[in-house]
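Following: one structure in structure tokens, then a few remarks.
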Amino acid sequence: MLNVRGMKIIEELEEIYLWVDEHSFSGHDMVLIITELKTKQVLAVLDGITKEKLEAWIWSIPLKYHIKIKWYATDMNKWYANSLKQIIGNPLQSVDKFHLFWEANKMVFDVKEISDWALKMNFVKAGDAHTLWKKAWKIGKNITKENIQDLNNAQDKTKIEGMKKYKDKADMRIKPESLQNNPLFNSRWEETSYNEITLPYYLEKTYKLLFVKREKNLSDIEKLRLNQIFREFDYLGFLAEVWTLKEDFMDAMDNKDLKEIDRIKEDCLKSEHYRMKQFWRTLTRWYEWIKWFFTLSCDTFKFTNALTEWINNLCKVAKRQAHWFKLKTMYLKKLVARFCIKKLELS
């Protein structure tokens, strides 16, 4: 299980930082890559992702070297983490910021899709929106901006008060008043003016990427677009809420602010939307790992899975160059020859 080169790497290192990640060979036939993060070296390529194969690889390392393993990361996969914990004890474990950001963006996508279906289905109640979205009924009658404004004015007062802080916070982030006085430029850097969109155009174009981009990367026109969507098309207020929580969460991860994470957890738990309550469960489940992430990350060593994702991408490139491999054994030999013979060099 442990080749000569992998054994030599482990012998020479004073501290070992493992990352366990998988990718698909074909369909559900998976390959497991085990990487040492600080030295950027692949230690092993396993022909499966079963618990037995991972544990067999760990046991192939002499016991005297287990103490060198200071922490490990498992791509937010507790199944791998439990196998490692049973054998090498309880070193520090950590999450990866990329996967937490992916979860936050997925939450925004889900809330937006449900909100759009609520608009298309003639303004159903918040509790019914998810059911109708699952059934994917056909679009109802055409809806005008006046219909949305009437619904915004007719909302329950407690609901308006609960959502007002998120709309106000979104306005503070976007600052539409200051943007309207500045010259606006399109993608070709030509001065232009902001043209408001209609509801049918918004439902057709969806503007998904607009909600995924970080607030600091938005152009002035994109900020005005978001402001119009929150003001006119977000009749339940959930889009402003989820977008604000997503931005606050990403800023908290960048700043390693655990108190802000606690505040976001409370807001997700208090939310009326089921998807934000799911995100609260995700943060609760990985809370200790997030704390370790803040502890482990420093200026000299950025804790990220960029290396393993880069290796996985190179594996897929190798498959395409070979016009795919018929035999998995040949594929594994190719990976070993490519990654386990010499040290990886990142450009």
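List of remarks:
- Length added when fully stretched, SER193-LYS205, from 0.36 nm per residue minus Cα-Cα: 2.3 nm
- Per-pair calculated FRET efficiency, R0 = 35 Å: ASN182 and SER297 via Cβ, rounded to 0.05: 0.45
- Simple spin-label estimate for GLU15 and ASP254 in nanometres, 7 Å along Cα-Cβ: 2.7 nm
- Rounded FRET efficiency, nearest 0.05, which uses the C-beta distance separating GLU266 from HIS66 and R0 of 45 Å: 0.70
- Where labels lie 7 Å past Cα in the beta-carbon direction, separation of ALA306 and HIS28 in nm: 3.5 nm
- Among the listed pairs LYS106/LYS316; LYS213/LYS328; LYS70/LYS259; LYS38/LYS277; LYS64/LYS333; LYS53/LYS112, those beyond 32 Å (Cα-Cα): LYS213/LYS328; LYS38/LYS277; LYS53/LYS112
Coordinate-derived values only; no laboratory data. Keep in mind that this is a model prediction, so the values were computed, not measured. Note that each Cβ is placed from the backbone with ideal geometry, even for glycine, and that neighbours are counted across all protein chains shown.
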